[in-house]
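All remarks here apply to the structure that follows.
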Ligand code: ATP
Ligand code: MG
């Protein structure tokens with residue numbers, strides 16, 4: 001487990017409305033290095049697999065529709081204590097509850113269309129980074 005790496009995804013709402021540059025600038029200002037980045041249109045199978053932990057939740061179908069609705073931008077981010085720090089920087093799931101100045105308070109549209117994903121534990125960040133990036137990409141930076 002690498003405590004310095006985490007995965008973010010700039011979600012289709014934010015990527016499609018031209019907010020990715022501002023969000024990346026915000027993350028860099030918060031001390032994150034962008035080690036690797038992609039632009040990816042998730043297939044239904046990929047979105048269902050990525051959010052499999054939520055498959056019994058009532059919002060799962062809508063979440064998969066949203067995440068496959070357009071391109072998104074997975075980012076491999078690095079800094080000390082990456083997972084808890086990124087969760088703090090993105091803010092609460094619902095932008096109405098997110099602290100002022102967080103990415104979701106600034107850029108999210110709604111609880112579902114909330115601009116950015118972040119891994120919720122170092123164990124999950126390892127799994128999620130491997131979902132999008134190769135071992136060679138992880139060694140960069
Ligand atoms: P993420 O995993 O994307 O970083 P999160 O950890 O803050 O978000 P989760 O509970 O893991 O929140 O939910 C995953 C995603 O599902 C949310 O980011 C949001 O897009 C969507 N979601 C969660 N709860 C709801 C809800 N009640 N209604 C609609 N969409 C929801
Ligand atoms: Mg989550």
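No value in this document is a laboratory result; all are computed from the given coordinates. Remember, predicted model here, so these are calculated numbers, not experimental data. Every residue, glycine among them, receives a Cβ derived from its backbone with ideal geometry; neighbour counts consider all protein chains shown.
Brief remarks follow.
- Residue match in region 65-86 (condition: surrounded by fewer than 14 Cβ atoms within 10 Å (Cβ to Cβ), touching a residue at least 60 places away in the same chain (Cβ under 8 Å) and at positive phi): yes
- Within region 3-29, the set of residues being under 17 Å from residue 81 (Cβ atoms), in contact with a strand residue (DSSP E or B) (Cβ under 9 Å, 6 or more places away or on another chain) and in a loop (DSSP other than H, G, I, E, B) comprises 4 only.
- For region 64-87, the count of residues that are part of a loop (DSSP other than H, G, I, E, B), more than 17 Å from residue 132 (Cβ to Cβ) and within 14 Å of ligand 1 (Cβ to nearest atom) is nonzero.
- For region 93-111, the set of residues classified as over 13 Å from the mean Cα position of the chain (by Cα), part of a loop (DSSP other than H, G, I, E, B) and over 15 Å from residue 29 (Cβ atoms) consists of 94, 98, 99, 100, 109, 110, 111, listed by residue number.
- Residue within region 127-136 that is closer than 14 Å to residue 12 by Cα, assigned to a helix (DSSP H, G or I) and more than 15 Å from ligand 2 (Cβ to nearest atom) present: no
- Restricting attention to region 92-141, the residues being within 12 Å of ligand 1 (Cβ to nearest atom), more than 23 Å from residue 43 (Cβ to Cβ) and buried (at least 16 other Cβ atoms within 10 Å of the Cβ) number 7.
- So residue 35, is it farther than 14 Å from residue 7 by Cβ and away from ligand 1 (no atom under 15 Å from the Cβ): no
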